[in-house]
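Have a look at the structure below before the remarks.
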Amino acid sequence: MSLMPAPAAYTGRFAPSPTGPLHFGSLITAVGSYCMARAVQGRWLVRIEDTDLPRNQPGATESILNTLTVFGLIPDGPILRQQDRTSLYEAAIQSLAERDLVYGCACTRSQLAGRAVYPGTCAHKKLPLDGHVVRLRVPDQTLAFVDRIQGLQTENLAQSRGDLVLRRRDGIISYQLAVVCDDAAQGVTEVVRGADLLDQTLGQRWLGRCLNFPEMQYAHLPLAMNAQGQKLSKQNLAQPLDDGQAAVLLGRALEALGQGVPVTNDLSTMLDYAVSHWQTGNIPHKVCLPNTYR
Ligand SMILES: [Zn+2]
């Protein structure tokens, strides 16, 4: 009998925000995270990141879930909605508060206007957390990790942004806190997501460490850029995915991820092929798309 614990099974996830329907950029992330999990016989979960209530669009969650089904991207567990999980996030803040790792901040938006780095004004005022912004203390030291696709990343959080916001004055939980708590609660072993979140990662890793969560791996997929060099996003009106073109779009997403695409119009054959031939090492750092893809 071996005394070595069995390695944790791979668990990946796709975690869209319901701010609109999926577009081609988000399809790349969904397909990439799905195939990377399936290629190692891992689990793949879907979570709806809807803590930022004012930004949620009615019907978007249903539209996203429907599109994933049409593309054959079926999760291995129930779909989590962050809105239902506030008590978990509050418990995390409580645990940090007990160890004096967070504090209340009374600075207004206008007091901080024009500053990229929070100067720590309230760090030692011992203000109550309720009714104030809740900030996490960050260390003045260079943190590092190696991203599986984007390579070595380093950041000194104290110098680049200052103490991190975990909860807004109005009680809304920050994206950072929700993501870190949910990834740990769901047993995620590798976070696969778009490279637009790469610069949030060292802050999230620091928060996870403060909460004594297990360390996880990261793989940041390339962002899809249009021919003008703009990122595909809801803000620049990337087209919603046409469910009727699922096989064509899946082929394009696999191509964008540097993977081989079999000659077939059958969606499940295509996905099976992608999973069994998956090569993470072939994923490019950046993807440029012809305008016709929009
Ligand atoms: Zn402050």
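The values are calculated or read from the model by the stated rules, or taken from the named source; none is laboratory data. Since the structure is predicted, the reported quantities are computational estimates derived from the model, not experimental observations. Glycine also receives a Cβ, built like all others from the backbone with ideal geometry; neighbour counts cover every protein chain displayed. These accessible areas exclude ligands, DNA and RNA; they are computed on the full protein's heavy atoms, side chains included. Shrake-Rupley method; radii C 1.70, N 1.55, O 1.52, S 1.80 Å.
Every Cα-Cα pair in segment 86-177 was counted, and those over 20 Å apart are 40% of them. Taking the alpha carbon gyration tensor of segment 161-239, what are the square roots of 5 times its eigenvalues, largest first, to the nearest whole Å? They are 26, 17, 11 Å, listed largest first. Between residue 286 and residue 126, how high is the FRET efficiency from 1/(1 + (r/R0)^6) when r is the Cβ-Cβ distance and R₀ = 45 Å? Nearest 0.05. E between residue 286 and residue 126, to the nearest 0.05, is 0.45.
On the beta carbon distance between residue 81 and residue 200, with R0 = 30 Å, the FRET formula returns roughly 0.90. All Cα-Cα distances of segment 27-137, cut into 10 Å bins from zero to the largest, leave 11, 28, 25, 23, 13, 0 percent in each bin in turn. In percent, rounded to a whole number, the relative contact order of segment 13-154 is 19, using alpha-carbon pairs under 8 Å and six or more apart. Computed over every Cα-Cα pair of segment 108-149 and binned at 10 Å starting from 0, the pair-distance distribution P(r) comes out as 18, 42, 25, 13, 1 percent. Working from Cα pairs under 8 Å separated by at least six residues, relative contact order for segment 86-177 is 28 percent. Across segment 276-283, computed HN-Hα scalar couplings (Karplus, 6.51 cos²θ - 1.76 cosθ + 1.60, θ = phi - 60°) run 6, 10, 4, 10, 4, x, 8, 6 Hz from first to last residue, x flagging Gly and Pro. Against the empirical curve 2.2 N^0.38 Å, the C-alpha radius of gyration of the chain lands at a ratio of 1.05. May I ask for the net charge around residue 127, where only other residues with Cβ less than 12 Å from the Cβ of residue 127 are counted and Lys, Arg are +1 while Asp, Glu are -1? So the environment of residue 127 carries a net charge of +3. Solvent-accessible area of residue 285, all protein chains in place: 120 Å² (probe radius 1.4 Å, heavy atoms, ligands and nucleic acids excluded).
Estimated at the nearest 10 Å², the accessible area of residue 55 is 130 Å² with a 1.4 Å probe. Normalising the average separation of contacting C-alpha pairs (under 8 angstrom, six or more residues apart) by the number of residues puts the relative contact order of the chain at 22 percent. Counting 0.36 nm for each residue step from residue 279 to residue 267 and taking away their Cα separation leaves a gain of 2.4 nm.
3J(HN,Hα) along segment 183-188: 4, 5, 5, 8, x, 5 Hz, from the Karplus curve 6.51 cos²θ - 1.76 cosθ + 1.60 with θ = phi - 60°, whole Hz, x for Gly and Pro. Label separation (residue 74 vs residue 148): 2.4 nm, computed from points 7 Å beyond Cα along the C-beta direction.
Once both labels are positioned 7 Å from their Cα atoms along Cα-to-Cβ, the gap between residue 172 and residue 95 label points is 2.6 nm.
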